[in-house]
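Peer 1: Below is the structure I would like to discuss, written out as structure tokens.
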Amino acid sequence: MDSALLLSVLNEDLLIRILSFITHDSDRKAFRLVCKAFLRVDSFHRTHLRILRPEFITTLFSKFPRIYSLDLSVCPQIDDGAVSMLLGYGLPDWSRRLTRLVLSRTTGLKSAGLEMFMKSCPVLESIDVSYCWGFGDREAAALSCGGSLRDVKLDRCLGLTDVGLAKIAIGCQCLEKLSLKWCIEITDLGIDFLSKKCTQLMQLDISYLKVTSVSLHSISSMEKLKLLTMVGCSIVDDEGLHYLGKGCPSLQALDVSRCDRLSSSALAFLINGHPSMLQVYASHCFHEFPTEVIQGLKDLKNLETLILDGAPVSESFFKIINFNCKYLVEIGLGKCKGVTDKGILQLVSGGVNLSILNLTCCSELTDNAISAITDSCRSVLCLKLECCNLLTEKSLYHLGLHCSLLEELDLTDCFGVNDTGLYYLSKCTKLICLKLGLCTNITEKGLYCVARNCSEIRELDLYRCNGIGDDGLYALSSGCKRMQKLNLSYCSEVTDRGIECLSHLPELSDLEMRSLLNVTGTGLTALAMGCKKLAELDVKDCTSIDDSGFMALAYYSRNLQQINLSHCAISDVGLCMVMGNLTRLQDAKLVNLHNVSTNGFEVALRASGVRLKKVKLIASLRLHLTPDIVKTLRARGCRIRWD
């Protein structure tokens, strides 16, 4: 059919429906480039925008009139002044319709800028200010102006206290989701006030807070709470779980991982009070798991997720799960003692159709366990087998034969994985993430099979795979065009030719290549010229790369946000070029740069100080840098780590 005629029968409704099935960025870009009609449809269909440079925001919003979600987390220069310029005078059209705003890591933003956002976005429902380490009670007061807020994320806002939390609780009483992870100044008093004011809360995260069981007594009164996450609450004891067991009638999911003062009997009491529980996370929490506690799992008929990493398990545990938890789709048994072939066979036989299994460091498992999983769980999507050293190529044979839907597989440090096994595994054509780090028996022959058949792979870990060289990277660059994240650290056979091959991966955004001693400036230049989307780069200990490579990086890799240059041969000029030209750089590790002088560090840090959010320097440099540069960096919201 003629292309013009084909386009004539595709009305706008059909095009919108087609576009809804296109999820990958590169595919959506290709869709936009077909014709003006496709471009118009994409413009009206797009609802989320991630901004890299704030000066373009007005133009972008005019092109995409239906944007309701805005992400400024990767903008390097968001401060009160920038917000004032963005919003201008009055209420811009785009701010009137904004319902979601991401300001994570915008360390330069203070209370004045945040208040401007709150007042200019009258229908804002969701905001993320996580990792804004300067966020304190004043900023919380500004946030409390958002009376329509339903979802607030405050992870690692280290200046937030009970006073600020109280202001948010008073001003945002419609809150349904709240995350306070690592807000270490919050106490029982703040949680108690929150529980009384925000009665609509359905999801709450208090992980790593220094709260006691008194907080859980307050939380137990929340009638609508469905999900409670309290990872690493090391002061909470059994009394707290007893409160939850008697309260929180709507509770469906609980995460008590790394709460080391809890006993398994307390968890059993809570389960007994909430038989409709769907998700239980209790990783690295219990040193014992007695039979009477396991019996309590019988009540969880609708359980979908059970994570018990690090807990000792027995055969009776697997039997009870098999007979009672027929809807279980995810189980985590990483580092659990007592996980054997017989236990896995009991777990998967009898109707349990697991999709996600974490068997990390279950060193007693053999090929028989994997055979049982593949026979019974044909729809498995994710399988983690790190350090399962008794597995051989037979396991990969069964995976390739039966698990055609497999998307994520972790085989890190599995000594039995070889090229024959990768040949079998390559039949899992839907693989997206494959981890082969420390698999020392694989070579380019096996990698070629994976690259040829698994074209959907986006993340590949080849850490210390010494059998992988340039030919393997050529195969990857030819077959895995959607590769986004790649780890080649300590792959000593890789040279400039292999890195040049990677320049043909247009989607590559995250590359680790530590200690590649055969890579020079030539290879890095080719990489920088070809991989325009590169956002994270680790070249630590790549001592053969000279300034020519770093100059090219400074010129071509304008999307770089994180870089590790530690132990490299870069000079004063090279470092100043990198730090000055990379206008989106936010995180830099600059330890043991022996060719860079103190003055070179001073100039480079000043050149990037406005946008830099985190920098790592050798501790001895602290004595030589002027107090002014350190003070300036901190005033602009940059955290300095002295190594």
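Peer 1: With labels modelled as points extended 7 Å from the Cα through the Cβ direction, what inter-label distance (nm, one decimal) is found for S250 paired with H594?
Peer 2: 6.2 nm
Peer 1: While we're looking at this one, here's another question. Label points 7 Å out from Cα along the Cβ direction at D643 and S404: separation in nm?
Peer 2: Using points 7 Å along Cα→Cβ, the separation is 4.8 nm.
Peer 1: Can you return the aspartates and glutamates within cross-link range of K210? Criterion is Cα-Cα under 13 Å, with same-chain partners fewer than 8 residues away left out.
Peer 2: Leaving aside aspartates and glutamates fewer than 8 places away in the same chain, those within reach of K210 are D162, E185, D188, D237.
Peer 1: Jot down the radius of gyration and Dmax of region 597-643, Cα atoms only, both in angstrom.
Peer 2: That works out to 9.5, 25 Å for Rg and Dmax.
Peer 1: Work out the P(r) tail for region 448-607: percent of alpha carbon pairs separated by more than 21 Å, whole number.
Peer 2: 40 percent
Peer 1: Expressed as a whole percent, how much of the Cα-Cα distance distribution for region 418-487 exceeds 16 Å?
Peer 2: Tail fraction, whole percent: 36.
Peer 1: If you don't mind, another one. Around L101, which amide H atoms from residues at least 5 apart in sequence, or from another chain, sit under 5 Å from its own amide H, with H modelled in the peptide plane?
Peer 2: The list, which skips near neighbours in sequence, is L70, S126, I127, D128.
Peer 1: Tell me which label goes with the value of volume of the Cα convex hull per residue in Å³ computed from the coordinates here: [x] 223; [y] 210; [z] 170.
Peer 2: [z]
Peer 1: Please list, ordered by chain and number, the residues whose modelled amide H lies under 5 Å from the amide H of E304; skip anything fewer than 5 residues away on the same chain.
Peer 2: Hits under the 5 Å cutoff: Q279.
Peer 1: Going by a ≥ b ≥ c, the root eigenvalues of the Cα gyration tensor, does region 245-333 fall in the rounded group (a/c under 1.5), the prolate group (a/b larger than b/c) or the oblate group?
Peer 2: Rounded is the answer for region 245-333, as its axis ratio a/c remains below 1.5.
Peer 1: From the Cα gyration tensor of region 361-400, with a ≥ b ≥ c the square roots of its eigenvalues, which class applies: rounded if a/c is under 1.5, or else prolate if a/b is larger than b/c, or else oblate?
Peer 2: It comes out prolate by the Cα gyration axes.
Peer 1: Can you give the direction-averaged projected area of the convex hull of the alpha-carbon atoms in region 216-366, in nm²?
Peer 2: 7.8 nm²
Peer 1: Further question on the same structure: Please give the per residue accessible area of the chain, computed with a probe of 1.4 Å over protein heavy atoms only, in Å².
Peer 2: Accessible area per residue, the chain: 42 Å².
Peer 1: Right, another one. Where does the chain land at 222 nm, in deg cm²/dmol rounded to the nearest 500, when only DSSP H runs of n ≥ 4 count, each adding -39500 (n - 2.57), divided by all residues?
Peer 2: After summing the helix terms and dividing by residue count, I get -10500 deg cm²/dmol.
Peer 1: Under the rule a/c < 1.5 gives rounded, and otherwise a/b versus b/c splits prolate from oblate, where does region 363-509 land using the Cα gyration tensor?
Peer 2: Cα axes put region 363-509 in the prolate bin.
Peer 1: Keeping all protein chains in the complex and leaving out DNA, RNA and ligands, what accessible area do you get for R53 with a 1.4 Å probe, in Å² to the nearest 10?
Peer 2: 100 Å²
Peer 1: Moving to a separate point now. Where a Cα-Cα gap under 20 Å defines reach, which aspartates and glutamates qualify for K335, not counting those fewer than 8 residues away within the same chain?
Peer 2: D255, D260, E288, D309, E315, E364, D367, E386, E408, D410, D413
Peer 1: Right, here's the next one. Express the relative contact order of the chain as a whole percentage, based on alpha carbon pairs under 8 Å and six or more residues apart in sequence.
Peer 2: 5 percent.
Peer 1: Under a point-charge model restricted to the Cβ atoms of Lys and Arg (+1) and Asp and Glu (-1), what is the dipole moment magnitude of region 25-68 relative to its Cα centre, in debye to the nearest 20?
Peer 2: Charge dipole, region 25-68, about its Cα centre: 80 debye, nearest 20.
Peer 1: Accessible area of the chain with a 1.4 Å probe: how many percent of it is carbon plus sulfur?
Peer 2: The value for the chain is 52 percent carbon and sulfur by accessible area.
Peer 1: Here's something else I'd like to know. Length gain on complete extension for the stretch T626 to N353, per 0.36 nm per residue less the alpha carbon to alpha carbon distance?
Peer 2: 92.1 nm
Peer 1: Okay, next question. Could you grab the relative contact order for region 518-615? Cα pairs under 8 Å, six or more apart, rounded to a whole percent.
Peer 2: 26 percent
Peer 1: Once label points are set 7 Å from the Cα along Cα→Cβ at both R558 and S314, what is their separation, rounded to one decimal in nm?
Peer 2: So the label points at R558 and S314 sit 6.5 nm apart.
Peer 1: What share of the DSSP beta bridges in the chain is antiparallel, in percent to the nearest 5?
Peer 2: 0 percent
The values are calculated or read from the model by the stated rules, or taken from the named source; none is laboratory data. These numbers were taken from a predicted model, which means no experiment stands behind them. Using ideal geometry, Cβ is built from the backbone for each residue, glycine included, and neighbour counts are taken over all protein chains shown. Accessible surface areas use protein heavy atoms only, side chains included; no ligands, DNA or RNA. Shrake-Rupley method; radii C 1.70, N 1.55, O 1.52, S 1.80 Å.
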